[in-house]
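Each remark here refers to the structure printed beneath this line.
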Amino acid sequence: MRLEYPTNIKIVRVPCTGKVDVIHLLRSFEKGADGAYVVGCLEGSCQYNNGNFRARKRVEQAGEVLESIGIEKERVRMYNLSSGEGTLFAEYAREMDKIIRELGENPVKKAKRKMDAA
Amino acid sequence: MIVADKKPIDEVIETIKDYEKILLLGCNECVTVCEAGGKKEVEVLASALRMYFLNNGKKVSIEEKTLERQCDHEYLEEIRDVIDQYDAVLSLACGVGVQFTADKYLSTPVLPGVNTCFLGATEKRGVWTERCQACGKCILASTGGICPVSRCAKRVMNGPCGGSTNGKCELGPDTDCAWQLIINRLEAMGKMDEYEKLSPLKDWATDRAGGPRTVEREDIQS
C-alpha cells in the first residue's frame, strides 16, 4: 500500500493489547514520550475475548492518573482496527501525531531538561 | 480480608511534599487483592509522583518495594538495612502495616497511602463489601451465616427492625436488610426454629469498645 505515517512514532509490539498495563503507559511518559496510544483489534474480535476491552480500561486509567498530576489525559488514547486496515493504521497515526503536536511537548520531559541544565 | 481504598493523589502529595527521599512500600496481602496497595499500585503511584514532582521542579527520589506482609516482623526486617537511606516511608499497606512499620523504625516517618476501610469480601472486581466487624464473639452459627453486627446498621440482635421494607434497609434501596437475609437463609436451610429463639444479650466486652484487643495463644508461643 506504500502508506506513510509520521516517523516520530515508535511501535512497541505486544502479543495482545490486554498485555498493556497502566504502568507501561506511565513509564513511557516518565521516559519522555509526548504521547502514547494503544492500537488493538476491533471490539468483539479479540482472540482472547476481552484483551482489547481491558486495554481500553487501562488507557482510561492511565489518562486519569496523568490528569491527576497535571498532564493532559488526551496524550493517551486507544484505537481499534483489524489487521487488514493498514490505511486506518496510518490515519490513526497521523491523527495522534496532530493531537500531540497541538498539545505540545511532554511537560515532564521539559521539566527534566530544565532540571538537568540547572 | 482487610479492604482499603486509594487515597486521592493530592492528599498523598500533600503528605510527602516535604521529603526528598521516599520509600514507597507496598504489601502483597489484602491490599494487593483489593488493588489499593500491591506491587502494581506501588509502581503506578511511584511513577505518577515522580512525574508530578519533576513537573513541579522538585527533586524527589521515590523508590519502590513491596513486602510479602507489613504486619509481620520477619518481612519488615527486609528493609532494616536500607531504611536509613530514606526521609520517609509511604506505606500502601492497611493501617496495621503502617503502624507496625512505624513501631519498628522509630525515627523514620511512616505515612499512609491508603484509607483502610473494613473487613470485607470481593463481590466482583472493583466492588468490596463489609462482612465482619471483628466483634470478638462470633454469632454466625445462630444467624444463618449472615452477620447482623456488620450488616445491620443498628446491629440489631433480634431483628428485623421496623425500618425493613421489602427486604431492604431504611438506609436506602442499595442496602439489604441483614435480618431479611438471615430469615431467607434460615428458611432455605429449614432452620426457622433458630429464628424463634431469642438471642441473649451480646457480650460487647470483646468488641472494640473495651479498648485495644490482644489475642494470646500460649500453646503456640515460643
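Since every read-out is calculated from the coordinates, none of them should be taken as a lab result. Just so you know, these numbers come straight off a predicted model, no measurement behind them. Every residue, glycine as well, gets a Cβ built from its backbone with ideal geometry; the counts of neighbours run over all protein chains shown.
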**Residue pairs, from the table A:LYS73/B:LYS65; A:LYS112/B:LYS39; A:LYS57/B:LYS104; B:LYS6/B:LYS58, whose Cα atoms sit over 30 Å apart** = A:LYS57/B:LYS104
**Item:** For q = 0.07 Å⁻¹, Debye-computed log10 I/I(0) when each Cα of the protein assembly as shown counts as one equal scatterer
**Value:** -0.45
**Asked** How big is the Rg/Rh ratio for chain B, C-alpha atoms only, Rh by Kirkwood, two decimals?
**Response** 1.08
**Asked** Ordered by packing density, taken as the mean number of other Cβ atoms within 10 Å over each peptide's residues, highest first, how do B:162-171, B:149-158 rank?
**Response** B:149-158, B:162-171
**Fill in**
Checking rank on B:22-35, B:53-66, with mean other Cβ inside 10 Å and highest first, the result is B:22-35, B:53-66
**Item:** Bins of 10 Å, starting at 0 and running to the largest distance - Cα pair percent for region B:69-181
**Value:** 13, 31, 22, 19, 13, 3
**Message:** For peptide B:42-49, what's the mean number of Cβ atoms from other chains within 10 Å of each residue's Cβ?
**Reply:** 5
**Message:** Semi-axes of the equivalent ellipsoid for region A:17-117, please: Cα gyration tensor eigenvalues, times 5, square-rooted, ordered largest first, whole Å.
**Reply:** 26, 16, 10
**Item:** Taking chain A and dividing mean pair separation by its residue count, relative contact order in percent (alpha carbons under 8 Å, at least six apart)
**Value:** 34 percent
**Request:** For region A:80-93, just list the computed ³J(HN,Hα) in residue order, Karplus coefficients 6.51, -1.76 and 1.60, θ = phi - 60°, integers in Hz, with x standing in for Gly and Pro.
**Result:** 10, 7, 8, 5, x, 9, x, 4, 5, 4, 5, 5, 4, 4
**Complete:** Kirkwood Rh for region B:136-208 from C-alpha pairs, in Å, is 12.6 Å
**Item:** Rg in Å to one decimal, and Dmax rounded to a whole Å, for region B:2-118 via C-alpha atoms
**Value:** 12.9, 38
**Prompt:** So, in Å, what gap is there between the alpha-carbon centers of region B:111-144 and region B:2-70?
**Reply:** 24 Å
**Request:** Per residue of B:50-63, count partner chain C-beta atoms within 10 Å of its C-beta, then hand back the mean as an integer.
**Result:** 4
**Complete:** Diffing region A:37-49: the Karplus 3J(HN,Hα) column from phi (6.51, -1.76, 1.60, θ = phi - 60°), in whole Hz with x for Gly and Pro, holds 9, 10, 10, x, 5, 4, 5, x, 10, 5, 5, 9, 6
**Request:** Report the one residue of A:PHE89, B:LEU140, B:VAL156 whose Cα lies farthest in the direction of the positive end of the charge dipole of the protein assembly as shown (charges on C-beta: Lys and Arg +1, Asp and Glu -1; origin at the Cα centre).
**Result:** A:PHE89
